[in-house]
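One structure below.
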Amino acid sequence: MNRLLAINTLIEWNPVEGDATQRLERVLWTDNAGEQVVVVSVSDAVSLPLPVWKRGSELEAAIAGGQAFRRKIDPFAQLAMPDPDFLQKHKDRMERAWEIIRDLVAVEPGIYLEEERGPLIRKAAERFKVTPKEVYRQLKRFWRGGKIKHALLPAYKNCGGPGKNRLIKESRSDQPKRGRPRKILQLDPEYVGVNVDEELHKIFRISTDLYYNTKEGNPLRRAYDLMIGKHFNLGYRNEGGVSVPVLPPASQLPSFQQFRYWHLKERDLAHSIVSRRGEKRYLLKSRPILGNSTQMAFGPGSIFQIDATIGDVYLVSTLNRNWIIGRPVIYFVVDVFSRMVAGIYVGLEGPSWVGAMMALANATTDKVPFCSEYDVEIDSEAWPCRYLPEMILGDRGELLGLDSDSLADSLDIRVANCPPYRADWKGIVEQMFRRANLKSIHWLPGAVRKRERGDPDHRLDATLDLRQFTKIIILTVIKYNLHHRVEEYPLDRDMIADDVPKIPVNLWEWGIGNRGGHLREKSLETIRLNLMPTGSATVTPKGIRFQGVYYTTARALREQWYVRARSEGTWTVPVSYDPRSMEVIYLRASDSSSFDPCTLLPDEERFNGVMLEEVLDFFALNKLKSQQHEGRRLQSDAALRAQVAAIKAEAAKMKEESGPQKQSNNQRLKGIRDNRAEEKKLNRRDEAFDLRAERHCGTPGTLLPLAKGETSVKASSSAKRKDFLDILKADGEEEQP
């Protein structure tokens, strides 16, 4: 017998031209010589064909010629090991089917011969009181499933068109209701219900988005009620001034079970959680946790993680120990590879990028003098971190203000922002907060504790100032770096071979010797310059303008920038600044490694030591005051225009009342000089200062006549002296053709 055609061998035929239907056959029986072979098609799950006889040589030739091949994977292999619960539940049905065909399948090869099979099946049908069709069905299932008893288990997975929507094109009143009849039909035969057609299915989808996937967090039942009230009403009636929807009978409405079925069938669980609870809560509570931060780092300095938290302790002011200043902000910068804390910052900034800037600057600072400032004496081996990393990973909030391009170009650092609460991306630094709280902060005076009614307020216990608390954090970090065993650290094969302790300082030292090349070193001034936010200042004739404030620098004076700006126009220059004090900004060189400090102009001394927020508030307030004054300006302009118009009207009326013009236009123009002289005499007489009491009291002055032959020196000289403006105008008139 040819071993290729053993019992249960699956033969798959290659598609023929014009017919892509899969043809898969199972060998049920062969004679001793392998020449007579019985096969059954297992491709057709609907009609379940009967076995057929074939020649073994023809099948072997087809396999050898490439028209068919022996399939190794049996699509019915799962029947051999059914689910225990499913088997227990349906065992009786399987045993009943097996009892019907057990004697028949033993008759081989007679059962495969049509003339013998018919009588055997009729006899079994009579014996077990079933139809011959049922006997045929169970036999075919037995043969198709591999001639095993478990092939007789119910095939519910093939029922109902798996994966297909049970929708009808269009619902009609005369169309029967699909699905199991409702129990309420026993009481009310009219309570049939409605079918879910494409239009109703569309309303379900829209209503899910409108009433369920929202920030209100409506339960599914309320979303269903809102859908019924808004999309299935017959109209509205007025009840006490309120429009109340009028609904049809419940039997004409889709049921909650139908709405729930389609909701569960089609819902996007992640989208639903984000829509109802927000992305942050989804990332915190429902996201898949598949990441491992250590896998992202190849050696020390590959990645620094940075994050901030509000310390769970209240502090007091250094100016007055009775002043409570609230809770501090704590920043940790942690090397992902070694879990070493590379930098810290404890202050009152943030959480924001200003605090992140201070923490990153600390990560590149020599820790020996830094600790010495807080009266903590260490050697360089106890805290050897004073370098820049290849990449910084942190929250969008903390790193949003950092100039990523500047860090990449000037410091060769990549900045990666991850979504908040992604513990699988920056879980190492988040664990550091929990550890610091458990080891130190929780036991300090003023620490935040859960209060019961009647308990004293823990804020009143505040005792430590910011400097003292910073010293505690420094000591906690040093102890962690030197002595904490990172139990969950995933040692690789090289580390295991070298027996590396799972302690941050040991992991750091091993990484420096075996996975180095990721750390960078720059001067402190260069690091601070490139950590500060950048902006564009404008060179103007009045100075270098930035955020509305004017600065100057020796370089600008030396290179005559302000002269150029007045003659050639303004231009912009890149600057760095510390928003905590706008007293000075830094003009960046083209290589971003050097800078020129720009100081306030004398007229801008009011901005000495002022924060950026205060500067922006100052100009914003001025703008608001201008807008507030706009109404008064418009009213004043309108009043002025009205008064000018009245004066113009009065002058036009007076001109009209003076009578018709008797002079020609040419004569009128030539008389301008004489007319002006007469008008000037009149003005001088009216405008002349006269301090006599009578004059001062309003008595008209009297012009005394001169003696015969006398001449007024003033009048003579005034008449002879021509006004400079008259001379210019006269010259202009003489020049006209």
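The numbers here are math on the coordinates, done by the rules we state, and not lab data. All figures in this text were calculated on a predicted structure; none of them were measured in a lab. Neighbour counts run over all protein chains shown; Cβ positions are idealised from the backbone, glycine included.
What to note about this one:
- Kirkwood Rh, Cα atoms: Rg over Rh of the range 532-616: 0.95
- Kirkwood hydrodynamic radius over Cα pairs of the range 95-148, then Stokes diffusion coefficient at 20 °C and 1.002 mPa s, in µm²/s: 195 µm²/s
- Look at the dipole of the range 532-616 built from charges on Cβ: of Cys598, Ala565, Tyr551, the Cα furthest out on the positive end belongs to Ala565.
- For Arg339, the amide hydrogen comes within under 5 Å of no other amide hydrogen, counting only partners 5 or more places away or on other chains and with H modelled in the peptide plane.
- About the Cα centre, charge dipole magnitude for the range 3-75 (Lys/Arg +1, Asp/Glu -1 at Cβ), debye: 220 debye
- Ranked Phe337, Phe618, Phe689, criterion: other C-beta atoms within 10 Å, fewest first: Phe689, Phe618, Phe337
- A simple spin-label model places pseudo-atoms 7 Å from Cα toward Cβ; at Gln635 and Asn608 they are separated by 4.1 nm.
- Net charge of Cβ neighbours under 15 Å - reference Ala565; Lys, Arg +1; Asp, Glu -1: +4
- Close amide H partners of Lys522, meaning residues 5 or more places away or on another chain with modelled amide H under 5 Å apart, are Leu388.
- Within the range 191-281: Cβ-based charge dipole about Cα centre, in debye rounded to nearest 20 (Lys, Arg +1; Asp, Glu -1): 440 debye
- Segment Asp617-Thr131, extension gain: residue separation times 0.36 nm, minus the distance between their alpha carbons: 165.8 nm
- Each residue of the range 637-647 is assigned a 3J(HN,Hα), and the resulting list reads 4, 5, 5, 4, 4, 5, 5, 4, 4, 5, 5 Hz, derived from the Karplus form 6.51 cos²θ - 1.76 cosθ + 1.60 (θ = phi - 60°), x at Gly and Pro.
- HN-Hα J in Hz across the range 113-126 - Karplus 6.51, -1.76, 1.60, θ = phi - 60°, x for Gly and Pro: 9, 4, 5, 8, 5, x, x, 5, 6, 4, 5, 5, 5, 5
- Spacing of the two label points (7 Å from each Cα toward its C-beta) at Arg70 and Ile325, in nm: 8.3 nm
- Fewest-first sequence of Met495, Met340 by Cβ atoms within 10 Å of each Cβ: Met495, Met340
- 11 Å beta-carbon shell around Thr364, net charge (K/R +1, D/E -1): +3
- Mean shadow area of the range 191-281 over all directions, Cα convex hull, nm²: 7.0 nm²
- Checking the Cα-Cα distances for Lys54/Lys91; Lys147/Lys265; Lys140/Lys265; Lys123/Lys149; Lys91/Lys133; Lys450/Lys479 against a 24 Å cut-off, the pairs over it are Lys54/Lys91; Lys147/Lys265; Lys140/Lys265; Lys450/Lys479.
- Exposure proxy for Thr30, Thr131: other Cβ atoms within 10 Å of each Cβ, ordered fewest to most, give Thr131, Thr30.
- Across the range 354-365, coupling constants 3J(HN,Hα) worked out from phi with the 6.51/-1.76/1.60 Karplus curve, θ = phi - 60°, read 5, x, 4, 4, 5, 5, 5, 5, 5, 4, 9, 9 Hz, and Gly and Pro carry x.
- Distances between placed amide hydrogens fall under 5 Å for Val448 paired with Val313, Tyr314, all partners being 5 or more residues away or on another chain.
- The fraction of Cα-Cα pairs per 5 angstrom bin, counted from 0 for the range 1-150, comes to 1, 9, 17, 20, 19, 15, 10, 6, 2, 0 percent, rounded to whole percents.
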